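> Pasting a structure here, questions to come.
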Amino acid sequence: MRCVSFLSLGASLLLLGPAAWGSPGQCPAQCHCHGDLQHVICDDVGLKKIPQVSEATRLLNLQRNNLGGLSSGSFAGSKGLISLHLQHCQLREISSNAFKGLKKLVYLYLSNNEITSVKPGAFEDLASLTYLYLDGNRISDLPKGIFSPMINLFILQLNDNKLREIKPGTFAGAKDLRWLHMSGNEISLLQPGSLDDVENLAILNLDGNRLSTYPSMAMSKLRVVEELSLAKNPMRSIPDNAFQSFGRYLEKLSLDNMGLEKFTDDAFSGVTALKYLNLDNNKLRFLPRSLEFTTITNLTLSNNPWSCNCVLAPLRLWMDSSRQRPEAVCASPASQRGKQIRDSTAFSGCKVKAKRAKGMRH
């Protein structure tokens, strides 16, 4: 991950109080400073306000201080900041222009606060921001275009919030976003067009939400998704061509713990690079004809009521030719109930189309 090298520089930076905590040319009281004030560390020192720091400061760590909120211009004198850490600061609101002037900021950590409101214009001036962490808050709505100043945004963490719906324009301007994590929210609807502005996503994590139908229209403009997780959504079926727009790139797909009952025959149409597929803990009896096994190296199938007949013959053929033999128990017919698919005798008379068997006997 691109952020690792920078994080290894040292501790993060947290915001302290006004001039009372020290002049911009001095290390704020109660904090530790390193490298001629380039790193200012104020982790868990009882601060109530944001301190003035030198324009030479690059890292400001204000974790675990009770700061309450971020008002407009909170960091007006900290124009040199590259990394700002505000985790566990009991923040409740981010006002418009809260980060005004931080044109060099690359890393912004706002995880594990109590943020319910992000005001329009809150992220103004953050054109260099690449990594934004808003996970572990109480955000229920995102204003249209809230991320638009972030033309270089690469990773966005929105896990474990209260989001219910994603609307068109939410991600306007963030055209280079590659990793979008929204697990553990309350999302029941991805409106058509809501992901059109981030068509270059490589990782999309939506597990643990409330999606009851596959959001085909919202996903249709995505082109290069490599990893997709829809686990723990109450979705009963996956429709035709669900992954087709990015099927050439899709390598990892998580569809476990959904109560999933079926795939339509062409659900996996266009999927040609799949390596990892998790289908554990569903209600599946069959796999669709469009699922190719030739590229799969990791497949999990446990806790499904599999119907062991010729429809599953390509799966059995793959098991026979693969080093991996996943747990998968037959629920029917009665003569095969309780047997592992890999040991079942139900497939002895089945014929598999040549294209299904191709590359599976090596």
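Every number here is computed from the coordinates shown, using simple stated rules; none is lab data. Treat the numbers as computed from the prediction; the structure is a model and nothing was measured. In this analysis, Cβ positions are derived from the backbone assuming ideal geometry, glycine residues included, and neighbour counts consider all displayed protein chains.
> Can you put Met258, Met219 in order of Cβ neighbours within 10 angstrom, beginning with the fewest?
Met219, Met258
> Can you check what the net charge comes to around Lys275, using other residues whose Cβ is under 12 Å from the Cβ of Lys275 (Lys, Arg +1; Asp, Glu -1)?
Combined, the nearby Lys, Arg, Asp and Glu give -3.
> Would you tally the net charge around Gly25, using a Cβ to Cβ cut-off of less than 14 Å, leaving Gly25 out, and scoring K and R as +1, D and E as -1?
-2
> Taking the Cα centre of the chain as origin, sum charge times position over the Cβ atoms of Lys and Arg (+1) and Asp and Glu (-1), and report the length of that vector in debye to the nearest 20.
For the chain, the charge dipole is close to 1100 debye.
> On a 30 Å Cα-Cα criterion, which of the cross-link pairs Lys221/Lys275; Lys175/Lys232; Lys79/Lys144; Lys49/Lys175; Lys167/Lys262; Lys79/Lys252 come out too long?
Violating the 30 Å Cα-Cα cut-off are Lys49/Lys175; Lys79/Lys252.
> Among Pro288, Pro51, Pro149, which one moves the most in a GNM of the chain with springs linking Cα atoms closer than 10 Å?
Between Pro288, Pro51, Pro149, it is Pro288 that shows the largest mean-square fluctuation.
> Nearest 500 deg cm²/dmol is fine: what mean residue ellipticity at 222 nm does the chain get from its DSSP H runs of n ≥ 4 alone, each adding -39,500 (n - 2.57), divided by its residue count?
That calculation yields -1000 deg cm²/dmol at 222 nm.
> Which entry in (1) 35, 27, 20; (2) 49, 19, 17; (3) 45, 25, 16 is this structure's computed semi-axes √(5λ) of the Cα gyration tensor in Å?
(2)
> Then there's this: So for the chain, averaging the separation of alpha carbon pairs under 8 Å that are six or more residues apart and normalising by length, what relative contact order in percent results?
RCO, the chain: 7 percent.
> If each residue's Cβ is checked for other Cβ atoms within 10 Å, how do Thr130, Thr295, Thr170 rank with the fewest at the top?
Neighbour counts put them in this order, fewest first: Thr295, Thr130, Thr170.
> Let me ask something else about it. Please give the charge dipole size of the range 83-242, origin at the Cα centre, charges +1 on K and R Cβ atoms and -1 on D and E Cβ atoms. Round to the nearest 20 debye.
Computed about the Cα centre, the dipole is about 240 debye.
> Counting Lys +1, Arg +1, Asp -1, Glu -1, what net charge surrounds Asn257 among other residues with beta carbon under 15 Å of its beta carbon?
With Lys, Arg at +1 and Asp, Glu at -1, the net is 0.
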